[in-house]
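Sending over a structure as C-alpha cells; questions will come in a sec.
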Amino acid sequence: MDKGSLSRAPALSRTVRIHVPSEVAYDLERMQKVTASVLGKLGCGGCHSGHVLEFVHLRDFVINPKTLDVQEQFIGH
C-alpha cells in the first residue's frame, strides 16, 4: 500500500467509538477532558486529524423481577 492510499481510507476505518456514562455525558467540562484525552491517544491533543469521533451514551436499566418495572441505574452516584 502506498502512502497516497492511506489518505483515501474510508471514514469508517477512521471512526473512534467512545463509550460515555451518563454522569460524564451531561458534564461539559468532563466531556472536554475525555475528548482531549482521546485525541492525545490518537496522536494530536488539539485536533481529531481526520478521525471521526463517535460518542456512545451508555445507559443501564434494571428490571424488578416481581413487577417488571424498569428503572435506569446511575452507576457512580
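For segment 44-55, enumerate the residues that are surrounded by 10 or more Cβ atoms within 10 Å (Cβ to Cβ) and not hydroxyl-bearing (Ser, Thr, Tyr).
Listed by number, the residues that qualify are Cys44, Gly45, Cys47, His48, Gly50, His51, Val52, Leu53, Glu54, Phe55.
Next question. Counting only residues that are modelled with pLDDT under 95 and touching an Asp or Glu at 6+ places or on another chain (Cβ under 8 Å), give me the strands (runs of 3 or more DSSP E) lying completely in segment 1-67 with at least 1 of them.
Per the criteria, 15-21, 60-63.
While we're on this one: Suppose we keep only residues that are more than 11 Å from the chain's Cα centre (by Cα) and over 21 Å from Glu72 (Cβ atoms) within segment 13-27. Which one would you say is surrounded by the fewest Cβ atoms within 10 Å (Cβ to Cβ)?
Residues of segment 13-27 that are more than 11 Å from the chain's Cα centre (by Cα), as a first pass: 13-14, 22-23, 26-27.
Those left that are additionally over 21 Å from Glu72 (Cβ atoms): 13-14.
Working: Ser13: 9, Arg14: 14.
Taking the candidates together, the pick is Ser13.
Show the residue pairs that are 6+ apart or on different chains and have beta-carbon atoms under 6 Å apart, the first residue being within segment 49-72 and acidic (Asp, Glu), the second being surrounded by 10 or more Cβ atoms within 10 Å (Cβ to Cβ).
Correct list of pairs: Glu54/Thr15; Asp60/Gln73.
The values are calculated or read from the model by the stated rules, or taken from the named source; none is laboratory data. Owing to the predicted nature of the structure, the values given are computational and were not obtained by experimental measurement. Cβ atoms come from the backbone with ideal geometry, glycine included; neighbour counts cover every protein chain shown.
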